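> Pasting a structure below so you can have a look.
The values are calculated or read from the model by the stated rules, or taken from the named source; none is laboratory data. Being a predicted model, the structure only gives us computed values, none of them experimental. Note that each Cβ is placed from the backbone with ideal geometry, even for glycine, and that neighbours are counted across all protein chains shown.
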């Protein structure tokens, strides 16, 4: 009920009477009063005026289950929601939940991670009550070799959610780094449990730099945050909810064709590498060329100097700008 009360208070410009809340939820005035007090204890500033009712004052950066649920506008993505003040890794949490029978769309969000991970086993900085750490679980009905494409879908969803909630122009550095002004704000780690020809589940871990203002020396030249770019603190819960909303929409288009043919145009429009000189760091041999966008499999098309086109698959290959990160 607390999530529904938050939604109602947020939708109303003025006050919502206690009787209206009682009628809406079929509970007593005492139950409403208790719920309001619990919300106040969670950090919400709610005015209570006799004969007028309740009014939500301002907006606070509160991240918890009620706050996220009060903003969620999806059919299945994020509807089964778990929130942890602190956890080791949301990817590990969602793997456990799926193995215990959780449905597709299960979402874990944490205020802090103590064992956050990035690609290739790198650690992911996860300070408390500052950024977004979340993992979405899927139970897809397609071949394992298609799973890497959902990482690109998630990058598109984050990019659109950030633009919509913060008004900041976002781009994507292939395959899945979301960037603003050429600096990274988001990392995505997708993992899969599968056997030959069959996927048990896929988990998509997303870390978004929101209100962090200082970075370790090794990444401070290539990383930024929404707070730094916007010049003010940013609310995290709306970004979580909007990311789920856009992911659901993009994923359902992907399922129609089992490829990115319906999403290529949107993705390539955001691609920071598009028509730029890039260096492909392939264990088989590095080479340079011009990025021309992705194909329907999510591979980056890189045109060599002789005019030939290489299809670059993410895997263990990295792509950088010739003179730097992008």
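> Go through the residues of region 212-221 one by one and say whether even a single one is surrounded by fewer than 18 Cβ atoms within 10 Å (Cβ to Cβ), in a loop (DSSP other than H, G, I, E, B), without any contact (Cβ under 8 Å) to a residue 12 or more places away in the chain and not assigned by TED's automatic domain parsing to the domain that holds residue 154.
Looking for residues that are surrounded by fewer than 18 Cβ atoms within 10 Å (Cβ to Cβ), in a loop (DSSP other than H, G, I, E, B), without any contact (Cβ under 8 Å) to a residue 12 or more places away in the chain and not assigned by TED's automatic domain parsing to the domain that holds residue 154, one finds none in region 212-221, hence no.
> Still on this model: Collect the residues in region 59-113 that are surrounded by fewer than 20 Cβ atoms within 10 Å (Cβ to Cβ) and on the phi > 0 side of the Ramachandran plot, keeping them in residue-number order.
Correct list: 101 only.
> Within the bounds of region 164-184, is there any residue that is assigned to a helix (DSSP H, G or I) and surrounded by 17 or more Cβ atoms within 10 Å (Cβ to Cβ)? Give the steps one after another, and end with the answer.
Filtering region 164-184 for residues assigned to a helix (DSSP H, G or I) gives 164-166.
Filter again for surrounded by 17 or more Cβ atoms within 10 Å (Cβ to Cβ), leaving 165-166.
The answer is yes; a qualifying residue exists.
> I'd like to know if region 149-163 contains one or more residues that are over 16 Å from residue 248 (Cα atoms), assigned by TED's automatic domain parsing to the domain that holds residue 248 and in contact with a strand residue (DSSP E or B) (Cβ under 8 Å, 6 or more places away or on another chain). Give the derivation first.
First, pick out the residues of region 149-163 that are over 16 Å from residue 248 (Cα atoms): 163.
Next, from what is left, pick out any that are assigned by TED's automatic domain parsing to the domain that holds residue 248: 163.
Next, only the ones that are in contact with a strand residue (DSSP E or B) (Cβ under 8 Å, 6 or more places away or on another chain) stay: none.
Scanning region 149-163, I find no residue that is over 16 Å from residue 248 (Cα atoms), assigned by TED's automatic domain parsing to the domain that holds residue 248 and in contact with a strand residue (DSSP E or B) (Cβ under 8 Å, 6 or more places away or on another chain), so the answer is no.
> Follow-up. Take residue 145 and decide whether it is closer than 21 Å to residue 261 by Cα and touching a helix residue (DSSP H, G or I) at 6+ places or on another chain (Cβ under 9 Å).
No; evaluated as a whole, the condition is false for this residue.
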